[in-house]
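Structure first, then comments.
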Amino acid sequence: THRLGPFLALYMLGGLRFYRRKTLRHRYEQAHLLKWLDQCCETAPVDNDLAVEFVRCRRLVKGYSDTHTRSLSKFDQVLEGAQVLRGRPDAAQWVARLRDAALQDEQGKALEGALKTVESFAKT
């Protein structure tokens, strides 16, 4: 970057950050992020430990393209499972288990099993 050509290339690339804010994906990501933040803020006064687990679940979202889509899907599944757990004294521990299961394998088999266990709580 100490030469003019590479400096200008990086400068132009940096200028594209304003374009990204106008894309559909950026709007979708911001809406998803705000939904998650609202859920965290609304849970914190009622069950602080559960709200902390919601915050920790954000590490599930990572990567680009297929990896991002897969991780976002797992994140949504964990938060949907957490809705079943609301009001339980052990909800935070179960959300931590769901998060760990989501991180275990790429295919999501461990998460499926954990979600089935959580869904059985709703039936009882």
Which members of segment 82-110 meet the condition of being loosely packed, with under 12 Cβ neighbours inside 10 Å and within 17 Å of the chain's Cα centre (by Cα)? 83, 105, 106, 107
I want to confirm something. Restricting to segment 32-58 and keeping residues that are among the charged types (D, E, K, R) and touching a helix residue (DSSP H, G or I) at 6+ places or on another chain (Cβ under 8 Å), which single residue is nearest to residue 86 (Cα to Cα)? 47
Selected residue (only one of 62, 74, 109 is at pLDDT below 90 and among the basic types (Lys, Arg)): 62
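If the requirement is being basic (Lys, Arg) and exposed (fewer than 11 other Cβ atoms within 10 Å of the Cβ), which of these qualifies: 21, 27?
Values: 27 fails: exposed (fewer than 11 other Cβ atoms within 10 Å of the Cβ).
Of the residues listed, the single one that is basic (Lys, Arg) and exposed (fewer than 11 other Cβ atoms within 10 Å of the Cβ) is 21.
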Taking segment 45-99 and keeping residues more than 28 Å from residue 123 (Cβ to Cβ) and either among the acidic types (Asp, Glu) or in contact with a strand residue (DSSP E or B) (Cβ under 7 Å, 6 or more places away or on another chain) (or both) leaves 66
Pairs, first on the phi < 0 side of the Ramachandran plot and surrounded by 12 or more Cβ atoms within 10 Å (Cβ to Cβ) in segment 41-68, second outside any helix (DSSP H, G or I) and at pLDDT 90 or above, C-beta under 7 Å, six or more apart: 51/44
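The values are calculated or read from the model by the stated rules, or taken from the named source; none is laboratory data. Note that the structure is a prediction, hence the values are computed from the model and not measured. No Cβ is skipped: glycine too gets one built from the backbone with ideal geometry, and neighbour counts run over all protein chains shown.
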